[in-house]
Structures are given as C-alpha cells and as structure tokens.
Amino acid sequence: MSTATTDNSGGRVVGERVMVDVQGLEKSFGDNHVLTGITDQIREREVVCVIGPSGSGKSTFLRCLNRLEEATSGTVQVGDYDLTDPQVDINKVRRHIGMVFQQFNLFPHMTVAENIMLAPVELGNLTKPEARKRAEELLDRVGLADKADARPASLSGGQKQRVAIARSLAMSPKIMLFDEATSALDPEMVGEVLQVIRDLAAEGMTMVLVTHEMGFAREVADRVLFMDGGKIVESGTPSEIFDHPQQPRLQEFLSKVL
Ligand code: ADP
Ligand code: MG
C-alpha cells in the first residue's frame, strides 16, 4: 500500500520516517473490550483520516496516541518515545503532540492571545513577549489576526476552534490529532476550520484526524483507516477506500454515509 502516490499531497512528500508505530494495541474499559488489536504505522508528514461507525473505538484509538487513555496491551511509539513505557515522561511527550477536540476548551476568563500563550509560558519554552509574538503569528495563520485581545465568548464556534488549533500549534507539535474537530460547528463554520487543517497538511504537518467529513477525508488524506469493532478493518488511499472498498462492513458503512 503506497501512501506517497496519492493525488492529495499538493507537493507534500510523505516521509520515510515512522512517526507513530502502533503494535497490537488493545484497550478495555472493564469488560468492554474497545480496541481489539490495532497495528499501524503513520509516517512523517502523512495525513491519516480515521472513519467508522459511532462506538467503533476511533476516539479511544486517538486518545491512546497521547496517552489520554492507557493501552491495556500492545505498544504505542510516537517519535522517539514509547508511550507504553511506564518510565516515559508523558508531559514531555505531550508537548510534541497537539490535540484538538470537538469542544474547544478555551479558558473564558482569558483573552484569545492569553489562551495561546499559556502553555509555552507556563512550561518555560517562551518568555511572555515571545509568546505574545508567537500568538499573533499563529492567529494570523488561522485568519484571526484581529482577535488577539478578544474574549472567547465573543467568537463564533468556527473562530473558537481556529483559536484552539492555534493554541495547540503554540507548542510546535510534531504531530496533530483531531477528534471530530468540526462536529460541534454550525455547517457554515465547518469550511473555515477545514481550511486551516488543509493549510497544515500543505505545510507538511503529520496529522491523524477522526472525521465524519467524508468529502474532506477524500480530499486531504494520504490514507484512510476504516475502523469497526475496535479494529482497523481496511486501510488505503482515499480512492481505494471510497471508490473500491473491499470489506462488506466498509461497503455497508459507505452506503449509509455517502
Ligand atoms: P467512537 O469515537 O468511534 O465513537 P469511542 O472510542 O468513543 O468510539 O468509544 C468506543 C467504546 O468505548 C464505546 O463503547 C464507549 O462507550 C467506550 N468508552 C470510551 N471511553 C470510555 C471510558 N472513558 N470509559 C468507559 N468506556 C468508554
Ligand atoms: Mg469519537
């Protein structure tokens, strides 16, 4: 399965280096065996979209990639770090992994810029003036240069999500994880957030996106993973997944969502 030959690269070249290496990942919540054996490798600059029915384990899989959930068995390696090693400094690892959720989780009592400055200043990566400058650059990048001193409450959902993305980028992550980043948005605001993600892809950011936006997955992904029942049932290029699905479960899923 080649990931370098899709039409979606836009000049981007998927790297040779493996950024995420998941081997035999299983996760149970009590008796609920949610991830039943996941093995996959994601390479540098690769954009991977994860699709599948509700409850199939997509969020749990994503959360295992920054240890918001701990694996029951198997290994998860991100960059140089083995997340399943109890010795690993997880806070250090998480600085390299940005995550954007359906809910924006911005601090309401802080301005937009302060929200973005918080982590780099608290962790001692940047001085306050440096962090302010970085926040302004990032806001410009997500099309919100004029909102630095606004409060989150004054922003639309799409604007809030773009701030949340800028906040994640403030730590200069090596990889970005998105869990249904557009699902809570009014339809007219989905496009502006997808555009920011599209720009990140063009800049070569390694990304894993759980999404319901099949058109977007087809457009932006180098590779699509279809999950069902806690497994990756099929993995392939957008054309392989959407135009030539092999597994009956994927065919059935697509017949409902397309
Ligand atoms: P998806 O994102 O594909 O909809 P999830 O990963 O959210 O699926 O959930 C898969 C299954 O794991 C569901 O049965 C859900 O109830 C269960 N689950 C997810 N998170 C937890 C948790 N923190 N505690 C208990 N069960 C959970
Ligand atoms: Mg989910």
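Which of the residues belonging to the range 1-26 are under 23 Å from Lys174 (Cβ atoms), modelled with pLDDT of 95 or more and open to solvent by less than 60 Å² (accessible area, probe 1.4 Å)?
Val18, Met19, Val20, Asp21, Val22, Leu25
Could you check the range 224-237 and list, in sequence order, the residues that are open to solvent by 10 Å² or more (accessible area, probe 1.4 Å) and out of contact with any Gly (no Cβ under 7 Å at 6 or more places or on another chain)?
Once the filter is applied, which keeps residues that are open to solvent by 10 Å² or more (accessible area, probe 1.4 Å) and out of contact with any Gly (no Cβ under 7 Å at 6 or more places or on another chain), the range 224-237 yields Gly229, Ile232, Val233, Glu234, Ser235, Thr237.
Out of curiosity, is Ile197 free of Cβ contacts under 8 Å to residues at least 60 places away in the same chain and under 21 Å from the mean Cα position of the chain (by Cα)?
Taking the combined requirement at face value, the residue satisfies it.
Scanning the range 72-83 for residues that are farther than 11 Å from Gln23 by Cα and in contact (Cβ under 8 Å) with a residue 12 or more places away in the chain, which turns out most open to solvent (accessible area, probe 1.4 Å)?
Only one residue tops the list, namely Thr72.
Taking the stated definitions as given, is Phe29 aromatic (Phe, Trp, Tyr) and open to solvent by less than 10 Å² (accessible area, probe 1.4 Å)?
Against the criterion (aromatic (Phe, Trp, Tyr) and open to solvent by less than 10 Å² (accessible area, probe 1.4 Å)), Phe29 does not qualify.
What residue, among those in the range 84-119 that are touching an Asp or Glu at 6+ places or on another chain (Cβ under 8 Å) and touching a residue at least 24 places away in the same chain (Cβ under 8 Å), is most open to solvent (accessible area, probe 1.4 Å)?
So, considering only residues that are touching an Asp or Glu at 6+ places or on another chain (Cβ under 8 Å) and touching a residue at least 24 places away in the same chain (Cβ under 8 Å), the one most open to solvent (accessible area, probe 1.4 Å) is Phe107.
Hey, any hits in the range 155-165 for a residue that's at pLDDT below 95, polar (S, T, N, Q) and more than 20 Å from the chain's Cα centre (by Cα)?
There is no residue in the range 155-165 that is at pLDDT below 95, polar (S, T, N, Q) and more than 20 Å from the chain's Cα centre (by Cα).
Which residue is nearest to the chain's Cα centre (by Cα), if the candidates are limited to the range 36-70 and must be more than 8 Å from ligand 1 (Cβ to nearest atom) and more than 24 Å from Val220 (Cβ to Cβ)?
Looking at residues that are more than 8 Å from ligand 1 (Cβ to nearest atom) and more than 24 Å from Val220 (Cβ to Cβ), I get Arg67.
Tell me, which residue of the range 41-71 that is farther than 14 Å from Met207 by Cα and more than 16 Å from ligand 2 (Cβ to nearest atom) is surrounded by the fewest Cβ atoms within 10 Å (Cβ to Cβ)?
Taking the candidates together, the pick is Glu70.
Check off (1) assigned to a loop (DSSP other than H, G, I, E, B); (2) within 26 Å of Thr182 (Cβ to Cβ); (3) away from ligand 1 (no atom under 16 Å from the Cβ) for Gln103 and give me the number that stays unchecked.
The failed condition is (3).
Give the residues of the range 85-101 that are touching a Lys or Arg at 6+ places or on another chain (Cβ under 8 Å) and of a type in the set (Val, Ile, Thr), sorted by residue number. Before the answer, list the steps.
So in the range 85-101, the residues touching a Lys or Arg at 6+ places or on another chain (Cβ under 8 Å) come out as 90, 93-94, 96-97.
Answer for the range 85-101, where residues must be touching a Lys or Arg at 6+ places or on another chain (Cβ under 8 Å) and of a type in the set (Val, Ile, Thr): Ile90, Val93, Ile97.
Let me spell it out: the conditions are (1) away from ligand 1 (no atom under 16 Å from the Cβ); (2) buried (at least 21 other Cβ atoms within 10 Å of the Cβ); (3) among the β-branched types (Val, Ile, Thr), and Val208 meets all of them except one. Which number is the exception?
So the condition that Val208 fails would be (1).
Restricted to the range 172-191, and to residues that are β-branched (Val, Ile, Thr) and more than 16 Å from ligand 2 (Cβ to nearest atom), which residue is surrounded by the most Cβ atoms within 10 Å (Cβ to Cβ)?
Ile175
The values are calculated or read from the model by the stated rules, or taken from the named source; none is laboratory data. The structure displayed is predicted, hence computed values, not measured ones. Methodologically, a virtual Cβ is constructed for each residue, glycine included, from the backbone with ideal geometry; neighbour enumeration extends over all protein chains shown. Side chains included, ligands, DNA and RNA excluded: accessible areas come from the protein's heavy atoms. Shrake-Rupley method; radii C 1.70, N 1.55, O 1.52, S 1.80 Å.
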